[in-house]
Amino acid sequence: MKSLMQLWTRLANELANRCCTSASRDIKYVTSRSKHEGFSFLTITLPTFGKDFERSLDQGYVDRNLFMGFPFQAGLPRLFGGFLDLVFDRSTGVLLDAPSIDAIRAVRQLTLMYGKILLKCSDARVQNAMDGFVQCEQEVRTSDALVSSKDLDDFHRIGRLLYARVFNSVDHKVYNLELVPKHGPGVTADRLLGNQKYRQLTWPARLERYFPYGDYALPNYRYYDSLDPVDFLEPEREIPARVVSVPKTLKTPRIIAVEPTAMQYCQQAIADELWSSIRRDDNLRRMIGHKDQERNQALACEGSLLGNLATLDLSEASDRVSNQHVRLLMHDHPNLLGAVDASRSRKADVQGHGIISLAKFASMGSALCFPVEAMVFLTMIFVGIERELSTPLTPRLIKSLRDQVRVYGDDIIIPVDYVQTVIATLESFGIRVNRNKSFWTGRFRESCGKEYFAGHDISIVRVRRVFPLSRQCVPELVSLVSLRNQLYWAFCWDTVEWLDSQIEKLIKHFPVVGPDSPVLGRESIESPKGERIDQDTQTPLVKGYVVRARSPRDQLSDEYALMKCLLRLERKYGNTHVENLISNEYRRTLAKRQVGSLPTVDDEHLERAGRPQYVSIKLKWASPV
């Protein structure tokens, strides 16, 4: 707490100097309230002030119903008064014609920097979040019952218009058993980790029609009788998804559902093929984001500058997508729908509530959650656009809007002209729009981690972890170095100088490095200079600390090792090519873990697997670039 308050104080002074104002009263006020209210003032109360500030930017004036708990002087809050006077007129609270961008950025930085620090919530807050999960489930059921037949008809028709080619392609591959599954690195509901996931000795019986165990879990059917017998689980015996909390903010945790191994394995196969088909479609690849957030950010910047595009944010987005929405969307493609339904967890184990049946399609944690929710939201958006235009949607109209409509998870960008109708349409399907984080009236926009005002990037640097107490606190140390480098490129050099002194108390070697160097070091406008030359490669080296993270030992052999190798090859070359590429003799070689020259995950992937259980740092010579 002391170090974080020192950081806040130094940053407040530096940003005040940049804006030619004073932060002395702000520092005194924040210090006093933090002492009496604890860390929650920095992590919950101040971020609420920051969100009210963003709302004021969007609506163009300060509303006295905002900034609750903070005293006012005339038309503005007293806290950060020197900064606010550069943004709003104090007597009226109205936004100035030419507000200071530096002051806007400063207020956001000082109020929001601790809002998403990774700290465990109290047990009471975690249980409230679990209760909210169950309450949301009941609301999904209510929405399903209330949605009108016209809404359903329009949703189905427009979904068919948008995704017919994509769904046809995936449907064909499901029918021909051409999907390629994979395991993720994380935990599963049945608590299998790393390479043990390839020893799948339980298999939901309803997967068999679309993902036969012999085709998707074994290298070949001839191994079926030689391996341990598999237990095919009928629906009443299936392992439920396990609902858990992960850190998000100190105010509330993020709730996700950990899927069973077999379900996640097959979900990955469908998800990858959906993304591949979306990327091949000229319209959809512009309107649905997968890994590229930059397009959303660029459109948000454009919206803040021109006022033509709105950014919408959804509350509990994934948990409010009903399974009925998805069934209706894929109704005309029975193989795809069947595969999606077979790989969907129907029950979840919720802390304090036991095992419940799910009306939602899937929570975060399912591999299908992200692509499917994006397709559902895009369909609802175009239902709203069609209603606003009072004309039937056509392929030509969709094409004309493909560079103005964008969905990345629950981050939505649409033309301002359609905002009210699109929001009404989303809500008619039970989707909840977070109006406090949605912007369309003023010049403030945010999307995918970037914020803009009048075309200016006013994004901030966030503190993700508490300060490390020793060199052994590796995640905290790595986070602190990252924070230092982000603040350096935000030109907060006085604060960076202080951070350097704190870091050098923990690690004596802290050289200048480039952004891609493996060494924990200082990024700088100066080019990194080597301290000596590598005699083998004749490249410069510096002495510094390098993070080491090794997966735990987890040996995989025999047929299960063969299966892992074949899956990797199939994902790279395709099923048919692999059949011709690998002879039976070579298959036996792979099974003995002599993987030869064909591509694999890494040299030790059959010896070690899964996420590292711990990380450490080691002092060594390494490249500074």
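The values are calculated or read from the model by the stated rules, or taken from the named source; none is laboratory data. The shown structure was predicted, so the numbers you read here are calculated from the model rather than taken from an experiment. All Cβ positions, glycine included, derive from the backbone under ideal geometry; neighbour counts span all protein chains shown.
Could you grab me the full set of residues in the stretch 67-96 that are more than 17 Å from CYS19 (Cβ to Cβ), touching a helix residue (DSSP H, G or I) at 6+ places or on another chain (Cβ under 9 Å) and in a strand (DSSP E or B)? Across the stretch 67-96, the qualifying residue is only GLN73.
Among the numbered criteria (1) assigned to a loop (DSSP other than H, G, I, E, B); (2) more than 28 Å from the chain's Cα centre (by Cα); (3) more than 22 Å from GLY338 (Cα to Cα); (4) not polar (S, T, N, Q), which single criterion is violated by TYR210? So the condition that TYR210 fails would be (3). Determine whether the stretch 98-113 contains at least one residue that is farther than 19 Å from GLY430 by Cα, at pLDDT below 95 and among the hydroxyl-bearing types (Ser, Thr, Tyr). Checking the stretch 98-113: not a single residue is farther than 19 Å from GLY430 by Cα, at pLDDT below 95 and among the hydroxyl-bearing types (Ser, Thr, Tyr).
Table: residues versus (1) among the acidic types (Asp, Glu); (2) in contact with a strand residue (DSSP E or B) (Cβ under 7 Å, 6 or more places away or on another chain).
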| site | (1), (2) |
| --- | --- |
| LYS120 | no, no |
| ARG125 | no, no |
| VAL140 | no, yes |
| ASP144 | yes, yes |
| VAL147 | no, no |
| ASP151 | yes, no |
| LEU161 | no, no |
| ASN168 | no, no |
| VAL174 | no, no |
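Of the residues making up the stretch 364-412, those that are on the phi > 0 side of the Ramachandran plot and either free of Cβ contacts under 8 Å to residues at least 40 places away in the same chain or of a type in the set (Val, Ile, Thr) (or both) number 1. For the stretch 140-189, the set of residues classified as within 27 Å of VAL258 (Cβ to Cβ), of a type in the set (D, E, K, R) and either in a loop (DSSP other than H, G, I, E, B) or not assigned by TED's automatic domain parsing to the domain that holds THR391 (or both) consists of LYS182 only. Just one of the listed residues (PHE72, PHE39, PHE83) is among the hydrophobic types (A, V, I, L, M, F, W, C) and under 24 Å from GLU446 (Cβ atoms), namely PHE83.
Taking the listed residues THR31, THR43, the one that is within 16 Å of VAL461 (Cβ to Cβ), assigned to a helix (DSSP H, G or I), in contact (Cβ under 8 Å) with a residue 12 or more places away in the chain and among the β-branched types (Val, Ile, Thr) is THR43, with no other qualifying.
Looking only at residues in the stretch 118-146 that are modelled with pLDDT under 95 and in contact with a helix residue (DSSP H, G or I) (Cβ under 8 Å, 6 or more places away or on another chain), the one that is surrounded by the most Cβ atoms within 10 Å (Cβ to Cβ) is CYS121.
At least 2 residues being more than 30 Å from CYS136 (Cα to Cα) and either modelled with pLDDT of 95 or more or assigned by TED's automatic domain parsing to the domain that holds ARG108 (or both) is the threshold, and among the strands (runs of 3 or more DSSP E) wholly inside the stretch 402-473 those reaching it are 450-453.
Scanning the stretch 160-204 for residues that are surrounded by fewer than 20 Cβ atoms within 10 Å (Cβ to Cβ), of a type in the set (A, V, I, L, M) and closer than 26 Å to HIS325 by Cβ returns LEU161, ALA164. Once the stretch 226-235 is narrowed to residues that are touching a strand residue (DSSP E or B) at 6+ places or on another chain (Cβ under 9 Å) and assigned to a loop (DSSP other than H, G, I, E, B), the residue that is nearest to VAL180 (Cα to Cα) is VAL230. Test HIS331 against the stated conditions and say whether it is under 26 Å from ASP154 (Cα atoms), at pLDDT below 95, assigned by TED's automatic domain parsing to the domain that holds ALA164 and assigned to a loop (DSSP other than H, G, I, E, B). The answer is no for HIS331.
One line per residue, one yes/no per condition, for (1) closer than 29 Å to ALA359 by Cβ; (2) surrounded by fewer than 23 Cβ atoms within 10 Å (Cβ to Cβ):
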residue	(1), (2)
LEU389	no, yes
PRO392	no, yes
GLY409	yes, yes
VAL422	yes, no
ARG432	yes, yes
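Here is the figure for the stretch 63-78: residues that are hydrophobic (A, V, I, L, M, F, W, C), closer than 14 Å to ASP89 by Cα and modelled with pLDDT of 95 or more total 2.
Of the residues in the stretch 335-342, none is in the same structural domain as GLY409 (by TED's automatic domain parsing) and assigned to a loop (DSSP other than H, G, I, E, B). Every condition in (1) over 22 Å from VAL87 (Cα atoms); (2) over 19 Å from the mean Cα position of the chain (by Cα) holds for TYR452 except the one numbered (1).
Is one or more of the residues making up the stretch 56-63 in contact with a strand residue (DSSP E or B) (Cβ under 8 Å, 6 or more places away or on another chain), closer than 14 Å to VAL107 by Cβ and among the small types (Gly, Ala, Ser)? Yes, the conditions are met somewhere in the stretch 56-63.
Identify, please: which residue in the stretch 420-459 is touching a residue at least 60 places away in the same chain (Cβ under 8 Å) and among the charged types (D, E, K, R) and is, among those, nearest to HIS156 (Cα to Cα)? Looking at residues that are touching a residue at least 60 places away in the same chain (Cβ under 8 Å) and among the charged types (D, E, K, R), I get ARG432. All of (1) within 18 Å of TYR29 (Cβ to Cβ); (2) surrounded by 23 or more Cβ atoms within 10 Å (Cβ to Cβ) hold for GLY81 with one exception: (2). Within the stretch 343-358, the set of residues being crowded, with 19+ Cβ neighbours inside 10 Å and assigned to a loop (DSSP other than H, G, I, E, B) comprises SER343, ARG344, SER345, LEU358. Tally up the residues in the stretch 115-136 that are in contact (Cβ under 8 Å) with a residue 12 or more places away in the chain and more than 15 Å from PHE41 (Cα to Cα), please. Of the residues in that region, 13 qualify.
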